[in-house]
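Here is the structure we will look at.
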Amino acid sequence: MQHNLTILLQLFERAALLLMCLFVLTRVPRFKEIFVKEVYAPQELAMVTVVFSLFAILGTYTGINVEGSLVNVRIIAIVAGGILFGPWVGLITGIISGVHRFLIDIGGITSVPDYKRYGGDCLGRHLPTYFGGAPLDCRHPGRDGL
């Protein structure tokens, strides 16, 4: 029980660090301009995708190793990018961070599930939207047999 509480506190610490970095980013004048816009230029979306991808990769490296698995806060950057700047930023950030996670620990116990969850599943679930279908639920990867 004490070990689980320690891991939880470490995870909250890493999440707070990531959120503090995102908060500081909102104080940079160039990003302030981007946050108040309603329509974004492709260059701006590319820039924020790179920034949120870097934060997601930082979330991977600040993870906690628990019995061979990496417990991390990468998803916070992915979701924040998607909520603030739209699904393409979140989707591309998820794919980049998923591929990165897969490549840093190819033989690891969670490398393939992380890649599938953050990259492949969300891509496959959002593609039907652009062909006239309804998006599938990305919150529960693997539930519908994918």
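For the stretch 66-91, the set of residues classified as buried (at least 19 other Cβ atoms within 10 Å of the Cβ) and under 18 Å from Val24 (Cβ atoms) consists of Val73, Ala77, Ala80, Gly81, Phe85, listed by residue number.
In the stretch 52-65, the qualifying residues are those that are part of a helix (DSSP H, G or I) and surrounded by fewer than 17 Cβ atoms within 10 Å (Cβ to Cβ), and the one that is modelled with the highest pLDDT is Leu54.
All conditions in (1) closer than 27 Å to Gln10 by Cα; (2) touching a helix residue (DSSP H, G or I) at 6+ places or on another chain (Cβ under 9 Å); (3) surrounded by fewer than 15 Cβ atoms within 10 Å (Cβ to Cβ) hold for Lys37, with the sole exception of (1).
Restricting attention to the stretch 38-51, the residues that are closer than 15 Å to Gly81 by Cβ and outside any helix (DSSP H, G or I) total 1.
The values are calculated or read from the model by the stated rules, or taken from the named source; none is laboratory data. Quantities reported herein were computed from a predicted structural model and do not represent experimental measurements. Methodologically, a virtual Cβ is constructed for each residue, glycine included, from the backbone with ideal geometry; neighbour enumeration extends over all protein chains shown.
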